[in-house]
Each structure stands twice: as structure tokens, then as C-alpha cells.
1. Just order 256-268, 193-205 by mean Cβ neighbour count inside 10 Å, highest at the front, would you?
2. Write down the Kirkwood hydrodynamic radius of the stretch 151-297, to one decimal in angstroms, obtained as one divided by the mean of 1/r over all alpha carbon pairs.
3. Quick one: which of 86-94, 34-42, 124-132 comes out on top by average Cβ neighbours within 10 Å, and what's the full order, highest first?
4. For semi-axes √(5λ) of the Cα gyration tensor in Å, several values are listed as (i) 29, 23, 19; (ii) 25, 23, 19; (iii) 36, 21, 17; flag the one computed from this structure.
5. Give the relative contact order (percent, whole number) for the chain; include only Cα pairs under 8 Å separated by 6+ residues.
6. As an exercise, identify the trypsin sites (Lys or Arg not before Pro) in the stretch 135-205 lying in DSSP coil whose Cβ has no more than 12 other Cβ atoms within 10 Å.
7. Only bridges whose two residues both fall in the chain count here: according to DSSP, what percent of them are antiparallel, nearest 5?
8. At what distance in angstrom do the alpha carbon centres of the stretch 145-165 and the stretch 103-134 lie from each other?
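The values are calculated or read from the model by the stated rules, or taken from the named source; none is laboratory data. Nothing here was measured: the structure is a model prediction, and the numbers come from that model. Don't worry about glycine lacking a Cβ; one is built from the backbone with ideal geometry, like all the others, and counts go over all protein chains shown. The accessibility values were calculated without ligands, DNA or RNA, using every heavy atom of the protein model including side chains. Shrake-Rupley method; radii C 1.70, N 1.55, O 1.52, S 1.80 Å.
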Amino acid sequence: MPTPLPDAPLRPVTDAEVDAFWRDGVVCLRGVMPEEWLEAMADPVEDALGGSSTADLTGMGEALAEAGDRDGTVDEAVRTPVRGRFRAGTDHWLELPAFADFALRSPLGPIVARLLRTEKVHLYEDSLLVKEPGTREATAFHQDMAYFHLTGDQVCTTWVPLDPVTAESGAVRFVVGSHLDRTPYRPNLFVTTTSIPGTAGVEVPDEAHLVSGGARIVSFDTEPGDVTVHHARTIHGAYANASATRRRRAISVRYAGDDARFAVTPGAPTKGHHGSLHDGDELTDVCPLAWPAGERA
């Protein structure tokens, strides 16, 4: 039988890191993810990139810019055909066992339990986010909670890089303290600030408005083994991948804790496996447990 992969982080999450998560809405945990998990996910990531659940977002923002470019002001560089690709998808865990194992049996479950100060950790979704070298798509500022059919404060997103990541190659950027804002923001189309049609709420401010309002925006250079965790209400985006040689592969897993309840968010993408849930329901085994270990699927 193959040797089981480690289910505990390489080191404990500290009290200071827990405090930073709740104060800033984001924390970067250095050196917590065992290398064995990252190696085990390399091939499944390539499998997912070739599957139907991963979309190619390359050029979406450019197409919208072209449509609105009535004065011919779109940057010529944007029109250049030689470029990288940005591919993303969600809920790979439903079809690919390796992604289910990663979400439910890796150290992410106990890490999130510690940060959220929760007794139970439910998997909400996973996401694969790959920016190839030369990808010009910056990820627009957005708030994860706007896409989720959830209420509650114990909801977060983990971001696990499989490659070294810097600002040049597409690091994630976080608006510090924005999780404390209870404004109902609209979900956008991810590579553009255009909101998803049919959604309610306020559009997420663009960077200029955030900065002029005094927002502090941070990013982290990360290595494989590091994990960033941000609150589901933290406004964040990501740089394009301007590197000519370095891929930016990351697996993002989103979790919900004790106070989370199902609640339909009008206009946000729905999930077929949530069909048995109704507004106000506690999460059931359609959102399987990643913690406690003895109760995992």
C-alpha cells in the first residue's frame, strides 16, 4: 500500500498568526504544507487543466475592452497575439480523487480549524488557478463571499502555490482589513471589474478608489510550502504573470466553519450538488468535513 501523506502541518499555526488573520483578513503561513502533497498534486493539476471543469479566461478582459473601445484607445500591447494563458476552474474535487484528498485529508483542515477558531471545517469548493508565463490577465479585485451561497463569519479561502510566486509572476494582493466591511458586494467576471449580470449589491471599488480611500494593499512572495489564508470577505485580486519563464500554479480551497449557513446569493453561480440545501440550513455532507480528522469523508 502507498505511504499515507501527512495530515498535519509541518509546524503549528501560532497565536500571532491567528490574531493576524482576524485583524488583517489575511495571513501568510510560511513553511506549513508538506512537500509530499505538492508533489502529489503536480500530475492531477495537469489532468484538471485538460478537463471540462477548467475554463480558459485568456482574452476575456481584452474582448470586453475591445467592445468598449469606441475611441480606439485600447493599448496596442493588449492586441498582441503572442501571450500566455490563464486557466481556472472550480469543484475539481467532485471528479478527481486527488483534489478531494487534497481538500479533505491534507493539513489544510486543521490549519483552517485553528485560524477560524471552529470545531468543524466543511469543504465549500476548490479552485485551480494557473497563469502561464506571459499571461496578461490581472485578476480583478473581488470578494469571495459574493460568489458563495453562504452566511457566517467563519468562512475562508486557502491559497496553495505549487511554484515560487512573486509580484512579477502573479502574486495575490489583499486589501488589509476589508473583511470588516459588511457591504454586500457584487461578484464580477474575475478578469474584469464588470459585475455578473443579475447580481445585487455594490460594485467592488477599483484600485484607484481603494487607494484614494486610504486602503493598504499587501502581497506576499511565496514558495511551495507556504499557504496564504484570507477571510471570505477580504477584497483581493492578483497581478498578471509578466514572467517569461515561470508558471504560476495554485490550488485554492474554500472552507466554512461552525457558524456558516447555506443562503442563496441571487445571480451567483449555483452548484448542482447543493440541491438538497435550503436557506438557513447547516452544511451537510454535500459539503464534506475536512476536520475533525475522525469525521472526514
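1. Details: 256-268: 18.2, 193-205: 15.5.
Listed from highest to lowest mean packing, they are 256-268, 193-205.
2. Numbers: mean 1/r = 0.0578 Å⁻¹.
Kirkwood hydrodynamic radius for the stretch 151-297: 17.3 Å.
3. Numbers: 86-94: 20.2, 34-42: 16.1, 124-132: 24.0.
Packing order, densest peptide first, comes out as 124-132, 86-94, 34-42.
4. It is the value labelled (i).
5. Working: 663 pairs, mean separation 83.6, N = 297.
Here the relative contact order equals 28 percent.
6. Details: sites: Arg136, Arg173, Arg182; in loops: Arg136, Arg182.
Qualifying residues, ordered by number: Arg182.
7. On the way: 47 of 49 bridges.
So the antiparallel bridges in the chain amount to around 95 percent.
8. One Cα centre to the other: 7 Å.
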